[in-house]
Amino acid sequence: MPSINEDSEFFPLMSSEDEEEMNNEEVPEIISILPLRNTVLFPGVVIPITVGRDKSIKLIRDANKGSRLIGVVAQQDVSIEDPTFTQLNKVGTIALIIKMLQMPDGNTTVILQGKKRFMLKEEVQSEPYIKATIDPFKEIKAKEDKEFKAMVSSVKDMAMNIIQLSPNIPSEAGIAIRNIESTSFLINFISSNMNADMAAKQTLLQTASLRDRINMVLEHLTLDLQMLELKNQIQTKVRVDLDKQQRDYFLNQQLKTIQEELGGTSPDLEIENLRKRALKKKWDKEVKAHFAKELEKLTRTNPAAADYSVQINYLELLLDLPWNEFTKDNFDLKRAQKVLDKDHFGLDKVKQRIIEYLAVLKLKHNMKAPILCLVGPPGVGKTSLGKSIAKALGRKYVRMALGGVRDEAEIRGHRKTYIGAMPGRIIQSVKKAGAANPVFILDEIDKVSTDFRGDPSSALLEVLDPEQNSTFYDNYVEMDFDLSNIMFIATANSLSSIQPALLDRMEIIEVNGYTIEEKVEIAKRHLVPKQREAHGLTVKDVVVKSDVLEKLIEDYTRESGVRSLEKRIGSVIRGVAKNIAMEEPYNTLVSKKEVEKILGAPFYDKDLYENNDTAGVVTGLAWTSVGGDILFIEASLSPGNGKLTLTGSLGDVMKESVTIALAYLRAHAGYFNINPKLFEQWDIHVHVPAGATPKDGPSAGVTMLTALVSAFTQRKIKPHLAMTGEITLRGRVLPVGGIKEKILAAKRANIKEIILCKSNQKDILEIKEDYITDLKFHYVTDMREVINLALLTELVSEPLDLTVKEKEAKPVN
């Protein structure tokens, strides 16, 4: 049986009711005759026919405009191009034109459905096509006895067996045969599709008895089935297993031909291309020898093997890596200074270090690149500073985000033996840069984590050691790669989470927060133009003055960097863009009222930071991940038995600071004019708002002690005063870190006086004098100096029970 089309429209299943309705249709006396050369149409069967003769095309077009019924008759001699009436068979099939399709090649395809048989009588016309009178074909119905049903069942079984043995016949044909209900249509369907010549099919069409047609179909199917079974037996007997080498050769030749047809390259040509590329590389002897060895291994590998593609990828990586390929550095130091100043306002210490590096590199030419680590809160420009350095040097720029990296293989790569092995991200980034001396940003190095897959921080030790990274070993590359010419710049928000050994290999440069004056300049030079361009506006459309920028900084941001400030500026610009787009009236010069209209009420209230009017409340300075901040430490007393209560989500270090401060106060109660019995008669409660925010760090000791002294003496703290520092049991004041961030936070909060450890005076000298002209600093070494500076002399109310005076007690100045 030939292949059956999967389109159900070509082979609809006919029920008994459909067959009865078709048999009852009246046959016209005169009908147009369409000769067929290579097929026979049976009743109920739908077939597509390509019409090429001019006569036939005209016949189809005329019939399609009328009743759409034609007579289909097979010609006796298929070699005749234009048969006459006498050269046609006498039995044909009335057909209904279901659809006529005009194909792209110009041919016409007609889909016909056979209706019922007829007998040709006389020719009526021969031009432009044949018309003839016809008589109905008298069919002899069969008696449906057991023998008849067995014959029909045999026909179905044989047809199913032929379908299973023939690989070219789709399984849908078997489904169609199983679902046919009408016996007559079943025989017509199989007769139309079975493997028989036209003469045999015409004989089936001309046979009147259904039982005889079933016998004839059984004979053809039996012969076909026997031929298929014999063919399969012969193929099984003569099948010879090819030798493995012959099989591999045959498959390789096929693969080569397929690759060439697809426009690809054959394995031999691919290997030759790799060899030609290798001749152009500036390789050392070791790398050259290693590549030659690996290429020789590739030539011995079967192209069909899985290792072949792995080896190809490895060799291409060796070719893509920039071995001894460098970009030329630009040693124009004045130009470099201009680039850094243009891209970043402030950051003088960082820019000075970069210029120093360029100066030494200009003089020596072979200086190993230092490992810089920029540490500071988010939004101060650490990452973008790397781009400016690359621009100033004229080097390639590449960035690698280390946040969340917890697999050592991310740094060192996987061994080639693993499935899906890849080089580490260091090597991948160098390959991407295309040069062996890029500026390489290791972003968020403090966010590297560790788990069972290894410690990436330890893997970075070799990368960031100037004495070792000249022979960096990647597990995938399996060769030492020189990283010493790369300028690595790491960024971090905090140094506390960086491994000490890794921290020791880097030169730490602190990128602290900006003052209000610096933020205004940054906004005017960079943020406002950037947001204007991002929203499709120009200088003529919107102007933001310095006083408006100051309002945005003070009332709508609380940060060390400028990331939130950029968002607020973007909101203001969008508000103006909306007015322009909607053609509403607006002022080109943005005012403070318009800022409040767009952004709403101020997010932060400075008055909150100016309230020190209650005894026991002291303003402290703290460092956070987003810069400096101020915090209140509140101490209150209530009748009790000396119990100490701490609230405010304090960490262990701050809890120890309170314990040390209380111990010092107990030991020196006489100096502060406090009755020692008060410690046994009053409960002490120390609270640090806000309670839901975790707080910890070694910088609140002096603030804790001052709050306790203020509570016990009922003397309030001087207004607009803040302090930071740690204490010992002897009352010594210790220096703390993050001074610049804390000073900036104090200035934002309208603090006027600040108490610091004398050792922190050097940190104040690094801040520009213009930014701290309205601040007064007190440098102390002992807690008694802190208390004398912080407490007011007048009492808030009547002091607590001070009837018992210590002989050595001294009044507080």
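Side notes on the structure shown:
- For the stretch 333-510, the ratio of Cα radius of gyration to the globular rule of thumb 2.2 N^0.38 Å stands at 1.02.
- Based on Cα contacts under 8 Å between residues 6+ apart, the stretch 16-136 shows a relative contact order of 33 percent.
- Here's the picture: charge each Lys and Arg Cβ at +1 and each Asp and Glu Cβ at -1 in the stretch 333-510, and of PHE452, LEU402, HIS414 the one pushed furthest to the positive end of that dipole is LEU402.
- ALA690/ILE355 FRET efficiency (R0 51 Å; Cβ-Cβ; nearest 0.05): 0.70
- Among 383-392, 398-407, 326-335, sorting by the average number of other beta carbon atoms lying within 10 angstrom of each residue, highest first, gives 383-392, 398-407, 326-335.
- Using the alpha-carbon positions of the stretch 171-239, Rg (one decimal) and Dmax (whole number) come out as 14.3, 46 Å.
- Where labels lie 7 Å past Cα in the beta-carbon direction, separation of PHE452 and GLN253 in nm: 5.3 nm
- Listed peptides 347-353, 282-288 appear in the order 347-353, 282-288 once ranked by packing, highest mean of other Cβ atoms within 10 Å at the front.
- Summary value for the stretch 306-390: 31 percent relative contact order, contacts being C-alpha pairs under 8 angstrom separated by 6+ residues.
- Spatial separation of Cα centroids for the stretch 727-752 and the stretch 88-139, in angstrom: 106 Å
- As a calculated quantity, the FRET efficiency between ASP541 and HIS365 at R0 = 45 Å, using C-beta atoms, amounts to about 0.35.
- When the chain is described by a simple charge dipole with +1 on each Lys and Arg Cβ and -1 on each Asp and Glu Cβ, the residue from LEU393, ILE426, ILE190 located farthest towards its positive end is LEU393.
- Cα long-axis angle, helix 54-65 against the chain (0 to 90 degrees, to the nearest 10): 70 degrees
- Considering only Cα atoms, the convex hull volume of the stretch 516-599 works out to 79 Å³ per residue.
- A crude spin-label estimate for the pair THR383 and ALA601, with each label 7 Å from Cα along the Cβ direction, gives 3.5 nm.
- Checking the Cα-Cα distances for LYS334/LYS391; LYS297/LYS432; LYS540/LYS578; LYS551/LYS762 against a 21 Å cut-off, the pairs over it are LYS297/LYS432; LYS551/LYS762.
- The stretch 317-381 and the stretch 635-698 have their alpha-carbon centroids 50 Å apart.
- Relative contact order [Cα under 8 Å, 6+ residues apart], the chain, whole percent: 8 percent
- Ranked by the mean number of other Cβ atoms within 10 Å of their residues, highest first, the peptides 355-362, 731-738 come out as 731-738, 355-362.
- Cβ charges +1 (Lys, Arg) and -1 (Asp, Glu), total dipole of the chain, debye: 2520 debye
- Only helices enter the 222 nm calculation for the chain: every DSSP H run of n ≥ 4 contributes -39,500 (n - 2.57), and dividing by all residues gives -12500 deg cm²/dmol, rounded to 500.
- Taking the inverse of the mean 1/r over every pair of distinct Cα atoms in the stretch 28-164 gives a Kirkwood hydrodynamic radius of 16.4 Å.
- In this simple spin-label approximation, GLU467 and LYS762 carry label points 7 Å from Cα along the Cα→Cβ vector, and these lie 2.5 nm apart.
- 0 to 90° range, to nearest 10: angle between helix 306-320 axis and the chain longest Cα axis: 50 degrees
Bear in mind these aren't lab numbers, they're just calculated from the coordinates by the rules spelled out. Keep in mind that what you see is a predicted model, and the values were worked out from it rather than measured. Cβ coordinates were reconstructed from backbone atoms using ideal geometry, including for glycine residues, and neighbour counts include every protein chain displayed.
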